[in-house]
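Peer 1: Let me begin by handing over the structure; questions about it come next.
The values are calculated or read from the model by the stated rules, or taken from the named source; none is laboratory data. The model shown is predicted, which means the values in this text are computed figures rather than measured ones. Neighbour counts run over all protein chains shown; Cβ positions are idealised from the backbone, glycine included.
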Amino acid sequence: MSKNVWNEGVMDWHTGKPLLSFHIVQPWLQAKAQAVRLYGETGRAAWAYADKSLKDCMAFECAMLCE
């Protein structure tokens, strides 16, 4: 799911921060609550891993485009 946000959700990389589509990001944010509610600490850990992956990918992409 984080890959979907990264690949499909970014509408503009050339702003100070990437401009994201609300329609892509909204389910991503809702998934956090679902993961924690359904799987407790395991869901929280999975979310943290996916969130870090998304942030790392975004930072890498921005560094490649902004340099």
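Peer 1: Would you point out the residue of the stretch 9-25, among those that are surrounded by 12 or more Cβ atoms within 10 Å (Cβ to Cβ) and in a helix (DSSP H, G or I), that is farthest from the chain's Cα centre (by Cα)?
Peer 2: Here is the first cut: in the stretch 9-25, the residues surrounded by 12 or more Cβ atoms within 10 Å (Cβ to Cβ) are 9-11, 13, 18-21, 24-25.
From what's left, in a helix (DSSP H, G or I): 24-25.
Values: I24: 9, V25: 7 Å.
By that ranking, first place goes to I24.
Peer 1: Shifting gears a bit: Looking at (1) of a type outside the set (K, R); (2) under 13 Å from the mean Cα position of the chain (by Cα); (3) loosely packed, with under 13 Cβ neighbours inside 10 Å, which is the only condition S2 fails?
Peer 2: Of the numbered conditions (1) of a type outside the set (K, R); (2) under 13 Å from the mean Cα position of the chain (by Cα); (3) loosely packed, with under 13 Cβ neighbours inside 10 Å, the odd one out for S2 is (3).
Conditions (1) modelled with pLDDT of 90 or more; (2) among the hydroxyl-bearing types (S, T, Y); (3) part of a helix (DSSP H, G or I); (4) loosely packed, with under 12 Cβ neighbours inside 10 Å, marked per residue:
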| site | (1), (2), (3), (4) |
| --- | --- |
| A33 | yes, no, yes, yes |
| R44 | yes, no, yes, no |
| K52 | yes, no, yes, yes |
| A63 | no, no, yes, yes |
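Peer 1: Tell me, which residue of the stretch 6-31 that is at pLDDT 90 or above and of a type in the set (S, T, N, Q) is farthest from A63 (Cα to Cα)?
Peer 2: Among those residues, the one meeting the criterion is Q30.
Peer 1: Right, here's the next one. Please name all residue pairs, on different chains or six or more residues apart, with Cβ atoms under 6 Å, provided the first residue is in the stretch 20-49 and is farther than 12 Å from S2 by Cα and the second residue is surrounded by 12 or more Cβ atoms within 10 Å (Cβ to Cβ) and of a type in the set (F, W, Y).
Peer 2: Partner pairs satisfying both residue conditions: A35/W47.
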